[in-house]
């Protein structure tokens, strides 16, 4: 929604404006810094245009010594909010009913972390959505969901998917001026299955030991990759020792695992540049709050 503003110059260039949104008039926009619909803006970027379509950038602020707008008395301007909603950073997904998934996230604000957004743009794909290009080429999921107040937990169902197939989702939020947020994190999940003949059931997310191995093994003139199946871990520590017991490599893994062959797994490549041929021992220690630590010790060979 845009607001019509009558501007007057009163002494020392101080601007007083009347803002009308059909519900209330605020004669102290400059000093009170009020947005329509009763929202309060502590300071933010706005855009102004006169009736001829000319634009002037400025900042709304409570400080008279701050940025000001260059406007002449008697002109009518349109004031538009250009603050984008905050990005959703805890986007997650759970398997739902047949051909369905549940999406869960914390509602963002209209301007940053305050208020509420106007709508959501949800897209999905059978490949990861980690970039703007991947988001723009993904399939749009049409929705009429009403965003909640910032900080609220939102849960919505996406249906009509193919049961047993892995889908990746990402989301953006928009405000009433069509300002759009940055891209969320990508969430992936199996669409629900009835479990009938030929159906693929979604994996669960426990913390338990599966396969742990290095490939290729031996690694001939290449870098080996460690494949670690432990479900969802808070952290994973990987240490590699030579046959003399000397530590030659260490790395820490965190975040969500990848879905590989219907199993959640972490993978890490060891750069063996400068490493001599030989047999190496690798130690994997996975931790998750409320569970006993998972510890694995195995061997791999490197051939230069």
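The values are calculated or read from the model by the stated rules, or taken from the named source; none is laboratory data. Worth saying up front: this structure is predicted, and the values here are computed from it rather than measured. Backbone-built Cβ (ideal geometry, glycine too); neighbour counts: all protein chains shown.
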For residues that are over 27 Å from residue 90 (Cβ atoms) and at pLDDT below 90, tally how many sit in region 262-304.
1
Just to verify a result, which residue in region 158-198, among those that are crowded, with 20+ Cβ neighbours inside 10 Å and more than 23 Å from residue 258 (Cβ to Cβ), is modelled with the lowest pLDDT?
175
Filter pass, residue 224 being at pLDDT below 95 and surrounded by 13 or more Cβ atoms within 10 Å (Cβ to Cβ)
no
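Please count how many residues of region 223-248 are assigned to a loop (DSSP other than H, G, I, E, B) and within 34 Å of the chain's Cα centre (by Cα). First the steps, then the outcome.
Of all residues in region 223-248, those assigned to a loop (DSSP other than H, G, I, E, B) come to 223-224, 229-234, 242-246.
Next cut, within 34 Å of the chain's Cα centre (by Cα) only: 223-224, 229-234.
Qualifying residue count for the region: 8.
In the set 89, 155, which member is in contact (Cβ under 8 Å) with a residue 40 or more places away in the chain, assigned to a strand (DSSP E or B) and surrounded by fewer than 18 Cβ atoms within 10 Å (Cβ to Cβ)? First the steps, then the outcome.
Details: 89 fails: assigned to a strand (DSSP E or B).
Answer to the selection: 155.
Can you tell me which residue among 255, 274 is under 21 Å from residue 185 (Cβ atoms), without any contact (Cβ under 8 Å) to a residue 24 or more places away in the chain and in a loop (DSSP other than H, G, I, E, B)? Reasoning before the result, please.
Working: 274 fails: under 21 Å from residue 185 (Cβ atoms).
Going through 255, 274 in turn, just one is under 21 Å from residue 185 (Cβ atoms), without any contact (Cβ under 8 Å) to a residue 24 or more places away in the chain and in a loop (DSSP other than H, G, I, E, B): 255.
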The lone exception for residue 139 - which of (1) in contact with a strand residue (DSSP E or B) (Cβ under 7 Å, 6 or more places away or on another chain); (2) farther than 16 Å from residue 180 by Cβ; (3) touching a residue at least 24 places away in the same chain (Cβ under 8 Å) it fails:
(3)
